[in-house]
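As structure tokens, the structure follows; a few thoughts come after it.
The values are calculated or read from the model by the stated rules, or taken from the named source; none is laboratory data. Every value quoted in this text rests on a predicted model; they were computed, and no experiment measured them. Methodologically, a virtual Cβ is constructed for each residue, glycine included, from the backbone with ideal geometry; neighbour enumeration extends over all protein chains shown.
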Amino acid sequence: MFGGRLASEHFDGKESTMIVLQNVRKSFGDLEVLKDISITIQDHEIYGIIGQSGAGKSTLLRCINGLEDYQSGKIEINGTIVDQKNKQQLRLIQKNMGMIFQNFNLLSRLDVYDNVALPMKFWGIKTKTPEAEKKIHDLIELVGLEDKIHANPRELSGGQKQRVAIARALVLDPEILLCDEATSALDPGITKEILSLLQKINKEKGITIIVVTHQMEVVKQICEKVAFIKGGSVLAEGKPEELFVRPTKDIKVFLQEESGLLPDKGVNIQLFFTDKSSDPVITMMARELNIDFSICWGKLEDFRSNVFGSLVINVKEEDKEAVTKYLDHQSVTWEVLNA
Ligand SMILES: Nc1ncnc2c1ncn2[C@@H]1O[C@H](COP(=O)(O)OP(=O)(O)OP(=O)(O)O)[C@@H](O)[C@H]1O
Ligand SMILES: [Mg+2]
């Protein structure tokens, strides 16, 4: 039999937490690359790890799949500790994790079909059985490359190559898919298509996906949760809409975003809208309180098809109390910027 799933073999239905990192530290010589990382990734989640070049993202991923050792702390996959000393267990853990990369890593002498079949061969699984052939065909169909099944990687576009890599990463029925900058070499349109494919795989197969990226767009489009890492530490973790609509200073620097120059007279108030706050709060407020205000800055952003936004308004000092009282009773959150 091929495609044995670690979870169904050992942990069937036991828990919904799939990957736990606790106080993980990792150094290369004197250079500490991961500093006390603790994150939890739920079963079936699409989890993003975002940060600048050199932040430690790839190293973190390589520790999760046991390609790199870590010095202290604990990494657990479905209750099994990732431990490089336990080679047999590590192999099972690695079999349960597919991985895709920025540069696709396809074998150029093999066609699409044989590239997808490769992990089976590596694991000594027969590829000529009807069962195996169906699996390979189904995966090539899933990624939309039926018409390229015997093409050579040289004849494929970047997006198509990544589709082959995705099919290959799924051929052993992993529960987890690790993506290291999987869309960084692709243009924005193709990136969207690949991300939609990952979303489809997550939904249809229930696969937990970890997405390492330096692109905010990737996180916004598909991640349910994200950890922002800098210098080997997790600076913030949460829903992307929480982190990016209401960013901390570090995240603002990462996004290279400023709310611009704000007036130094009056009171600047930043409002945060979610998809649930659909009332035209600002114009209603102006009418009800009979006040004037100026709009200083605003943005709307799309997170997994939900729109979130924020707006900075400037009101007169004497209106501040009435305005904040009014906003307290509305479905928006707000804060005074220049209190
Ligand atoms: N095998 C290694 N030996 C020594 N230092 C390493 C090794 N691999 C990574 N590093 C160092 O660890 C730090 C983190 O590297 P890592 O590749 O994890 O960053 P990253 O966030 O993935 O960056 P990028 O976005 O550029 O891919 C860097 O300072 C890097 O130079
Ligand atoms: Mg990297």
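Being in the same structural domain as Thr40 (by TED's automatic domain parsing), buried (at least 18 other Cβ atoms within 10 Å of the Cβ) and modelled with pLDDT of 85 or more narrows it down to one residue among Lys239, Lys230; which is it?
On the way: Lys239 fails: buried (at least 18 other Cβ atoms within 10 Å of the Cβ).
Only one candidate qualifies: Lys230.
One residue is enough: does the range 87-99 have a residue meeting the conditions of a type outside the set (Ser, Thr, Tyr) and within 16 Å of ligand 2 (Cβ to nearest atom)?
yes
List the residue pairs whose Cβ atoms are under 9 Å apart, where the first residue sits in the range 51-71 and is under 13 Å from Val211 (Cβ atoms) and within 11 Å of ligand 1 (Cβ to nearest atom), the second is of a type in the set (Phe, Trp, Tyr) and part of a helix (DSSP H, G or I), and the two are 6 or more positions apart or on different chains.
Qualifying pairs under 9 Å: Gly51/Phe254.
Tell me yes or no: at least one residue of the range 173-183 is surrounded by fewer than 21 Cβ atoms within 10 Å (Cβ to Cβ), within 16 Å of ligand 1 (Cβ to nearest atom) and either closer than 13 Å to Gly98 by Cα or outside the structural domain of Tyr47 (by TED's automatic domain parsing) (or both).
Checked the range 173-183: at least one residue is surrounded by fewer than 21 Cβ atoms within 10 Å (Cβ to Cβ), within 16 Å of ligand 1 (Cβ to nearest atom) and either closer than 13 Å to Gly98 by Cα or outside the structural domain of Tyr47 (by TED's automatic domain parsing) (or both).
Restricting the search to the range 180-209, which residues are within 13 Å of ligand 2 (Cβ to nearest atom) and out of contact with any helix residue (DSSP H, G or I) (no Cβ under 7 Å at 6 or more places or on another chain)?
The answer is Glu181, Ser184.
Can you name the condition, by its number, that Ala167 falls short on among (1) among the small types (Gly, Ala, Ser); (2) crowded, with 22+ Cβ neighbours inside 10 Å; (3) in the same structural domain as Thr80 (by TED's automatic domain parsing)?
Exception for Ala167: condition (3).
Given Gln88, Gln160, Gln102, which one is of a type outside the set (Ser, Thr, Tyr) and touching a residue at least 24 places away in the same chain (Cβ under 8 Å)? Show your work before the answer.
Details: Gln88 fails: touching a residue at least 24 places away in the same chain (Cβ under 8 Å); Gln160 fails: touching a residue at least 24 places away in the same chain (Cβ under 8 Å).
Within the list Gln88, Gln160, Gln102, the selection yields Gln102.
Looking only at residues that are surrounded by fewer than 21 Cβ atoms within 10 Å (Cβ to Cβ) and charged (D, E, K, R) in the range 132-147, which one is nearest to Asp114 (Cα to Cα)?
Among those that are surrounded by fewer than 21 Cβ atoms within 10 Å (Cβ to Cβ) and charged (D, E, K, R), it is Glu133.
Need the failing condition index for Ile166 against (1) more than 16 Å from ligand 2 (Cβ to nearest atom); (2) β-branched (Val, Ile, Thr); (3) assigned to a loop (DSSP other than H, G, I, E, B), just the number.
Condition not satisfied by Ile166: (3).
At least 1 residues that are within 14 Å of ligand 2 (Cβ to nearest atom), of a type in the set (Gly, Ala, Ser) and crowded, with 22+ Cβ neighbours inside 10 Å in each: list the strands (runs of 3 or more DSSP E) lying fully within the range 13-86 that qualify. Outline the logic, then answer.
Values: elements: 17-28, 31-42, 46-50, 72-77.
Answer list for the range 13-86: 46-50.
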